[in-house]
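A.B. asks: One structure follows; several queries about it will come next.
The values are calculated or read from the model by the stated rules, or taken from the named source; none is laboratory data. Please read all numbers here as calculations on a predicted model, not as lab measurements. Ideal geometry is used to build each Cβ from the backbone, glycine not excepted, and the neighbour counts take in all protein chains shown.
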């Protein structure tokens with residue numbers, strides 16, 4: 001008894017035990033409220049939907065339905081395509097901003113620029129999305145502007161209630177998420193490396209391509225993932241500005257859960273979407289792994 | 001042209017793109033017409049007075065404030081434990097546990113929402129404001145850890161050791177030395193969690209049951225074109241409030257870094 005309690009006392013003094021003890025409330029919460037529920041929807045995706053109850057029969061029928069039904073498959077492919085285009089557009093537009101703030105803004109003003117960039121992100125997401133509807137709409141800002149300038153004769157209709165408007169709105173919503181990781185990576189670059197590049201006769205552009213860009217890649221990769229993964233599951237944007245052609249996988253999941261009450265099929269769609277996202281992300285990381293090794 | 005001139009032009013153009021919706025918002029909030037379209041017809045504050053007469057709105061605001069305050073306090077508490085553990089100690093399964101805790105940062109919110117819904121209904125828990133709080137704590141915690149980790153990281157460990165040497169216990173050292181030094185980080189993390197929770201829609205949409213929260217109310221009003229001008233007025237108020245909150249959060253974040261002698265790397269993330 002004596003022995004056991006002293007061993008416990010010794011264990012409590014080790015760093016590992018202290019760390020585990022310290023993190024346990026947060027870790028326990030994440031296990032109970034995140035890991036266990038995620039496990040549960042994976043489980044549900046293999047069960048059968050009965051009327052008003054879930055039948056505990058193991059089946060692959062939900063996955064077969066989710067992957068073969070023409071409607072579900074097209075929504076899934078569209079979500080993937082939209083998320084990829086949004087990611088590409090967002091990261092390409094974000095890189096010059098991160099580069100500007102890191103290399104051209106005076107150190108004392110950097111915080112101010114980052115603050116200005118992040119403010120719009122913290123204002124009501126729903127209202128921001130709705131305002132894109134106002135900007136892109138039939139009588140919207142873009143159309144009245146272009147009509148006023150005499151550039152078009154009648155309002156453009158291809159910019160609202162389709163995939164285009166979903167891409168524009170999401171690219172706007174995720175902009176700060178793309179800028180910050182790239183900025184952090186650029187800030188870490190030792191400026192003397194760039195001088196060395198130019199001293200050794202490289203042009204500015206070649207120095208950028210051969211020194212700056214490879215060193216910034218970890219940031220670019222992080223921003224690609226941080227935009228791509230949540231984008232594919234966005235509900236509000238496709239719902240408000242997407243129209244019938246712009247529906248994405250989150251709208252489908254919501255429909256299955258809240259309207260059709262088919263939890264197993266909804267779970268199978270959700271799990272499939274997460275599976276695809278994970279796979280695409282892992283392939284992307286794999287293709288870029290040489291940039292992630294870190295300094296020797 | 002000056003150094004980085006073209007970049008500056010691009011950056012300003014980009015800021016216009018980022019701020020476009022926020023600039024347009026007050027235009028329609030103060031516009032006299034019921035239809036949200038150009039051209040504007042005239043100045044009016046009637047949507048703001050109409051806003052004050054909405055009974056569901058005041059209930060939604062009350063619910064959202066309750067959820068946001070509770071979630072902010074709980075998430076920041078959990079964040080303090082995790083940030084302290086990850087910056088101070090090495091322990092087994094650290095990467096895995098931290099990865100799981102930070103996962104909601106990238107996980108689509110709808111996945112968090114449906115998985116919690118399935119479990120709660122399966123356990124027979126009835127949906128209420130508390131079920132929304134469970135979800136909001138989950139998604140706010142990673143943000144609190146991001147903020148608090150930088151506060152804990154810039155902490156000089158010799159201060160802590162000095163307190164031990166002078167005979168303070170672990171608990172009193174935490175209370176007397178560490179807590180005051182990371183306090184600005186804690187305030188900043190409370191404000192950020194509050195802002196995230198107040199604005200969160202999907203989880204509340206799935207888990208609130210019949211109780212309205214502010215975003216759920218706003219979303220429901222989009223279906224009625226005649227209700228939209230009031231929402232524009234409400235949005236204007238919300239934007240002003242969040243800018244004030246964020247400015248305070250930023251002030252405390254910078255003060256915290258200055259206090260513990262660290263270098264400002266900028267940004268919340």
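A.B. asks: If you check residue A:20 against the conditions, is it within 30 Å of residue B:174 (Cα to Cα), assigned to a helix (DSSP H, G or I) and at pLDDT below 90? Write out each step before concluding.
C.D. replies: Values: within 30 Å of residue B:174 (Cα to Cα): yes; assigned to a helix (DSSP H, G or I): yes; at pLDDT below 90: yes.
The answer is yes for residue A:20.
A.B. asks: With outside any helix (DSSP H, G or I), more than 12 Å from chain A (Cβ to nearest Cβ) and either in contact (Cβ under 8 Å) with a residue 24 or more places away in the chain or touching a strand residue (DSSP E or B) at 6+ places or on another chain (Cβ under 8 Å) (or both) as the only criterion, which of B:190, B:181, B:155 stands out?
C.D. replies: Details: B:190 fails: outside any helix (DSSP H, G or I); B:181 fails: outside any helix (DSSP H, G or I).
Being outside any helix (DSSP H, G or I), more than 12 Å from chain A (Cβ to nearest Cβ) and either in contact (Cβ under 8 Å) with a residue 24 or more places away in the chain or touching a strand residue (DSSP E or B) at 6+ places or on another chain (Cβ under 8 Å) (or both) holds for just one of B:190, B:181, B:155, which is B:155.
A.B. asks: Would you confirm whether any residue within the range B:44-65 is under 30 Å from residue B:179 (Cβ atoms) and surrounded by 15 or more Cβ atoms within 10 Å (Cβ to Cβ)?
C.D. replies: Kept after step one, since they are under 30 Å from residue B:179 (Cβ atoms), are these residues of the range B:44-65: B:64-65.
Subsequent filtering for residues that are surrounded by 15 or more Cβ atoms within 10 Å (Cβ to Cβ) retains B:64-65.
The answer is yes; a qualifying residue exists.
A.B. asks: Still on this structure, I have one more. In the range A:124-148, which residues are surrounded by fewer than 22 Cβ atoms within 10 Å (Cβ to Cβ), without any contact (Cβ under 8 Å) to a residue 40 or more places away in the chain and either closer than 23 Å to residue B:193 by Cα or more than 7 Å from chain B (Cβ to nearest Cβ) (or both)?
C.D. replies: Scanning the range A:124-148 gives A:138, A:142, A:145, A:146, A:147, A:148.
A.B. asks: Further, regarding this structure: For residue A:159, which of the numbered conditions (1) without any contact (Cβ under 8 Å) to a residue 12 or more places away in the chain; (2) crowded, with 19+ Cβ neighbours inside 10 Å; (3) in contact with a helix residue (DSSP H, G or I) (Cβ under 6 Å, 6 or more places away or on another chain) fails to hold?
C.D. replies: (1)
A.B. asks: Further, regarding this structure: Looking only at the range B:46-53, decide whether some residue is modelled with pLDDT under 90, in contact with a strand residue (DSSP E or B) (Cβ under 8 Å, 6 or more places away or on another chain), more than 11 Å from chain A (Cβ to nearest Cβ) and farther than 30 Å from residue A:99 by Cα.
C.D. replies: In the first step, residues of the range B:46-53 are kept if they are modelled with pLDDT under 90; the result is B:46-53.
With the extra rule that they be in contact with a strand residue (DSSP E or B) (Cβ under 8 Å, 6 or more places away or on another chain), the set shrinks to none.
No, the range B:46-53 contains no residue that is modelled with pLDDT under 90, in contact with a strand residue (DSSP E or B) (Cβ under 8 Å, 6 or more places away or on another chain), more than 11 Å from chain A (Cβ to nearest Cβ) and farther than 30 Å from residue A:99 by Cα.
A.B. asks: Has the range A:287-296 got any residue that is touching a helix residue (DSSP H, G or I) at 6+ places or on another chain (Cβ under 7 Å), farther than 26 Å from residue A:130 by Cβ, part of a helix (DSSP H, G or I) and in contact (Cβ under 8 Å) with a residue 60 or more places away in the chain? So that I can check it myself, show each step before the final result.
C.D. replies: Here is the first cut: in the range A:287-296, the ones touching a helix residue (DSSP H, G or I) at 6+ places or on another chain (Cβ under 7 Å) are A:288, A:291-292.
Add one more test, that the residue is farther than 26 Å from residue A:130 by Cβ, and what stays is A:288, A:291-292.
Next, from what is left, pick out any that are part of a helix (DSSP H, G or I): A:291.
From what's left, in contact (Cβ under 8 Å) with a residue 60 or more places away in the chain: A:291.
Yes: the range A:287-296 contains one or more residues that are touching a helix residue (DSSP H, G or I) at 6+ places or on another chain (Cβ under 7 Å), farther than 26 Å from residue A:130 by Cβ, part of a helix (DSSP H, G or I) and in contact (Cβ under 8 Å) with a residue 60 or more places away in the chain.
A.B. asks: Determine which single condition residue B:97 fails, assuming it passes every other condition in (1) more than 26 Å from the chain's Cα centre (by Cα); (2) at the interface with chain A (Cβ under 7 Å from one of its Cβ atoms); (3) more than 30 Å from residue B:225 (Cβ to Cβ).
C.D. replies: (1)
A.B. asks: Criterion first (within 9 Å of chain B (Cβ to nearest Cβ), surrounded by 20 or more Cβ atoms within 10 Å (Cβ to Cβ) and closer than 30 Å to residue A:214 by Cβ) does residue A:100 satisfy it?
C.D. replies: Details: within 9 Å of chain B (Cβ to nearest Cβ): yes; surrounded by 20 or more Cβ atoms within 10 Å (Cβ to Cβ): yes; closer than 30 Å to residue A:214 by Cβ: yes.
In short, yes.
A.B. asks: Moving on to the next point. For residues in the range B:119-129 being assigned to a loop (DSSP other than H, G, I, E, B) and in contact with a helix residue (DSSP H, G or I) (Cβ under 8 Å, 6 or more places away or on another chain), which is nearest to residue A:222 (Cα to Cα)?
C.D. replies: Taking the range B:119-129 as the starting set, the residues that turn out to be assigned to a loop (DSSP other than H, G, I, E, B) are B:123-128.
In the following step, the residues that additionally are in contact with a helix residue (DSSP H, G or I) (Cβ under 8 Å, 6 or more places away or on another chain) were identified as B:125, B:127.
On the way: B:125: 38, B:127: 36 Å.
Among those that are assigned to a loop (DSSP other than H, G, I, E, B) and in contact with a helix residue (DSSP H, G or I) (Cβ under 8 Å, 6 or more places away or on another chain), it is B:127.
A.B. asks: Also, I was wondering about something else. Test each condition in (1) under 28 Å from residue A:109 (Cβ atoms); (2) within 11 Å of chain A (Cβ to nearest Cβ) for residue B:205 and report the one that comes out false.
C.D. replies: Only one criterion in (1) under 28 Å from residue A:109 (Cβ atoms); (2) within 11 Å of chain A (Cβ to nearest Cβ) is unmet by residue B:205, namely (1).
A.B. asks: Still on this structure, I have one more. Please give the helices (runs of 4 or more DSSP H) falling wholly within the range B:1-118 in which 1 or more residues are more than 30 Å from residue B:154 (Cα to Cα). Show your work before the answer.
C.D. replies: Working: elements: B:5-29, B:46-52, B:55-88, B:94-102.
The helices (runs of 4 or more DSSP H) meeting that bar are B:5-29, B:46-52, B:55-88.
A.B. asks: Something else: Is it fair to say residue A:181 is at pLDDT 85 or above, in contact with a helix residue (DSSP H, G or I) (Cβ under 7 Å, 6 or more places away or on another chain), assigned to a helix (DSSP H, G or I) and over 22 Å from residue A:75 (Cα atoms)?
C.D. replies: Working: at pLDDT 85 or above: yes; in contact with a helix residue (DSSP H, G or I) (Cβ under 7 Å, 6 or more places away or on another chain): yes; assigned to a helix (DSSP H, G or I): yes; over 22 Å from residue A:75 (Cα atoms): yes.
Spelling it out, residue A:181 is indeed at pLDDT 85 or above, in contact with a helix residue (DSSP H, G or I) (Cβ under 7 Å, 6 or more places away or on another chain), assigned to a helix (DSSP H, G or I) and over 22 Å from residue A:75 (Cα atoms).
A.B. asks: Checking the structure you have, find out if any residue of the range B:217-225 is farther than 22 Å from residue B:129 by Cβ and in a helix (DSSP H, G or I). Give the steps one after another, and end with the answer.
C.D. replies: To start, the set of residues in the range B:217-225 that are farther than 22 Å from residue B:129 by Cβ comprises B:222-225.
Narrowing the set further to residues that are in a helix (DSSP H, G or I) leaves B:225.
Looking for residues that are farther than 22 Å from residue B:129 by Cβ and in a helix (DSSP H, G or I), one finds at least one in the range B:217-225, hence yes.
A.B. asks: Please go through the range B:79-93 and give me each residue that is more than 7 Å from chain A (Cβ to nearest Cβ) and free of Cβ contacts under 8 Å to residues at least 24 places away in the same chain, ordered by number.
C.D. replies: Across the range B:79-93, the qualifying residue is only B:93.
A.B. asks: Would you say residue A:151 is outside any helix (DSSP H, G or I) and either more than 8 Å from every other protein chain (Cβ to nearest Cβ) or under 22 Å from residue B:13 (Cβ atoms) (or both)? If you could, list the steps in order and put the result at the bottom.
C.D. replies: Numbers: outside any helix (DSSP H, G or I): yes; either more than 8 Å from every other protein chain (Cβ to nearest Cβ) or under 22 Å from residue B:13 (Cβ atoms) (or both): yes.
Criteria met by residue A:151.
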